[in-house]
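The values are calculated or read from the model by the stated rules, or taken from the named source; none is laboratory data. Keep in mind that what you see is a predicted model, and the values were worked out from it rather than measured. FYI the Cβ positions are ideal-geometry reconstructions off the backbone, even for glycines, and counts take in every protein chain you see. Heads up: the accessible areas ignore ligands, DNA and RNA and are worked out on the full protein's heavy atoms, side chains in. Shrake-Rupley method; radii C 1.70, N 1.55, O 1.52, S 1.80 Å.
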Amino acid sequence: MQVELIETFLDLMESRSFNRTAERLNLTQSTVSHRVKALEAQFNRKLFTRNKGGTVPTAAGLRFLDYANALQNQWHEATRAVTNAGALERSMRLGVQHDLAEAFAGEWMATIRRELPGIEIYMEADYSNQMNRDLGAGELDLAILYTPHYLPDLYYERIGDLHYVMVSTEAQMLAEIRSESYIRSSYSPGFDRAHRLALPHLSAALLAAGQNMAITRLLRTLGGSAYVTAATAERLADDGFTARVQDAPVIPQTVYAATSLRTRHAHQHRKIIAAMADLLATLPVPNSETG
């Protein structure tokens, strides 16, 4: 398989510009054109047409897109498998949402090491958008994330919830929250929708962040009010730094496991997913007078 032809095709499908693809892949435009022509020659079909509006995929190009993604994914999987072949059973690359890594990385890895001692593990914390892209490209084997994109060849399953509660350095009730000192937490599109529906008057805050650790640092430095994980809320309360806003709704965040359709039943993947699901199941659900 000439993987450079596939990668050039996929980039061009995204950029819709021969010039832009050449810049992104650090190639000349003539090289990009040559690769596309070579791929078209194999199918005996045009994959792109050019007009004043740019580069447009043909019907054949659109049909080939899902197969090209699958071929690229298989190539990356094969490359990693061959490169890392040795004493270990196999290697796996795992992605995990930032807040879940902050809460569970140690316990999760301890369980994985105990259950799968023969597997080399690489773990990175990231946001859902990037992990979905990396899964689709074959750069990750499995991800634990907040927002599924339901891309072709990927499989998503709900494995639990993480709960966020409002804390404040200056108020104990919602009526006392000042919008000018409110830090809006933007953990996922789903979280944003729930927050906007429950607290529309606080959805236009001047300061926002999308990571529990960053929100916590901002609270410690600036003071104010914000949503953090229930565990973080307990730690801040134990330090005497913030108090729970008693009548603020609890906002649950659904957690998903994502992997390839081909590997969703593999025993390694099932054990890794079960380890995170078990950790989420141990979390107590915070009480809320309004939610």
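Below, the figures for the structure above:
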quantity: Any pair with Cβ under 6 angstrom, 6 or more apart, that starts in region 260-271 at a residue that is closer than 13 Å to Leu94 by Cβ and in a helix (DSSP H, G or I) and ends at one that is of a type outside the set (Val, Ile, Thr) and open to solvent by 80 Å² or more (accessible area, probe 1.4 Å); calculated: Lys271/Glu115
quantity: Selection status of Leu236, over 19 Å from the mean Cα position of the chain (by Cα), modelled with pLDDT of 95 or more and open to solvent by less than 70 Å² (accessible area, probe 1.4 Å); calculated: yes
quantity: Filter pass, Tyr122 being open to solvent by less than 70 Å² (accessible area, probe 1.4 Å) and modelled with pLDDT of 85 or more; calculated: no
quantity: Close pairs (9 angstrom Cβ cut-off, 6 or more residues apart or separate chains): modelled with pLDDT of 90 or more and surrounded by 10 or more Cβ atoms within 10 Å (Cβ to Cβ) in region 40-53, charged (D, E, K, R) and not in a loop (DSSP other than H, G, I, E, B) anywhere; calculated: Lys46/Glu40; Leu47/Glu40; Phe48/Glu40
quantity: From Ala171, Ala194, Ala101, residue being outside any loop (DSSP other than H, G, I, E, B), out of contact with any helix residue (DSSP H, G or I) (no Cβ under 7 Å at 6 or more places or on another chain) and open to solvent by less than 30 Å² (accessible area, probe 1.4 Å); calculated: Ala101
quantity: Residues being among the β-branched types (Val, Ile, Thr) and touching a His at 6+ places or on another chain (Cβ under 6 Å) - total across region 252-279; calculated: 2
quantity: Which numbered condition Gln130 misses (of (1) closer than 20 Å to Glu102 by Cα; (2) open to solvent by 20 Å² or more (accessible area, probe 1.4 Å); (3) assigned to a strand (DSSP E or B)); calculated: (3)
